[in-house]
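Shown next, in structure tokens, is the structure this report addresses.
The values are calculated or read from the model by the stated rules, or taken from the named source; none is laboratory data. Bear in mind that the values here come from a model prediction, so they are computed numbers and not experimental data. Every residue, glycine as well, gets a Cβ built from its backbone with ideal geometry; the counts of neighbours run over all protein chains shown. Accessible surface is based on the protein model in full, side chains and every heavy atom, while ligands, DNA and RNA are left aside. Shrake-Rupley method; radii C 1.70, N 1.55, O 1.52, S 1.80 Å.
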Amino acid sequence: HGRTFDMMDITRRTGFLQSVRDNEAYYIEHYIEEGETPIVLADRLYDDVDLYWIIMMFNNIYDISRDWPLDYTSLNRYIERIYDDPFAIHHYESIATGNIVDSTWPDYDRYPVTNTEYETTLNDEKRKIKVPTPEAITQLVREHNRLIQQ
């Protein structure tokens, strides 16, 4: 009744331009090790756990449970949960091209990929990220804060 409240605008979001994320001056390539989290990485690279969000944003990671690689135990539990047979054939790939082919493709040029191999490959692809260099962090945070205040 006549009272006002300040509220955070949760609809406002920023991001980094693709040209920034592709500029080698701003990042180094990083392979996420077993058990490594964005918080652990931010602490090790920047001595500031609160900068974990910039690693995630720089890599378009918005859902850590889906977009960050699972550890070995969690991956195996996930595979066992979604597949009746983790070692059944998921698909075939051409030996010559690496492209997915069907089961009628000639035997001499195809190999089977199991459900476990398929999910492990997907998980390992998530391990390859770009992390902003310590020198770029100040500039990226400043630009984010400027945009969020607009």
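Stretch Val141-Asn60 to full length: gain in nm at 0.36 nm per residue minus the Cα-Cα span?
So the extension gain works out to 27.6 nm.
Please work out the FRET efficiency for the pair Ser74 and Thr4, using the Cβ-Cβ distance as r and a Förster radius of 41 Å; give the result to the nearest 0.05.
0.35
Treating only the Cβ of Lys, Arg, Asp and Glu as charged (+1, +1, -1, -1), what charge dipole size does region 99-144 show about its Cα centre? Round to the nearest 20 debye.
340 debye
So what is the accessible area of the chain per residue, in Å², with the probe set to 1.4 Å?
Spelled out: the 1.4 Å probe surface of the chain, per residue, equals 71 Å².
What size of dipole, in debye to the nearest 20, comes out for the chain about its Cα centre when the only charges are +1 on Lys and Arg C-beta atoms and -1 on Asp and Glu C-beta atoms?
780 debye
Does region 51-142 come out rounded, prolate or oblate by the C-alpha gyration tensor, with a ≥ b ≥ c the root eigenvalues, rounded set by a/c under 1.5 and, if not, prolate when a/b is larger than b/c and oblate if not?
oblate
So if we plug the beta-carbon distance of Leu122 and Asp102 into 1/(1 + (r/R0)^6) with R0 = 22 Å, what FRET efficiency do we get, rounded to 0.05?
That pair, Leu122 with Asp102, gives E of 0.60.
Hey, any idea what % of region 74-139's accessible area is carbon plus sulfur with a 1.4 Å probe?
Answer for region 74-139: carbon and sulfur cover 53 percent of the accessible area.
Only loop residues by DSSP count here, and only those with at most 16 other Cβ atoms within 10 Å; note down the GluC sites (Glu not before Pro) in region 26-124 that meet that.
Within region 26-124, the qualifying GluC sites (Glu not before Pro) (loop, at most 16 other Cβ atoms within 10 Å) are Glu33, Glu34, Glu36.
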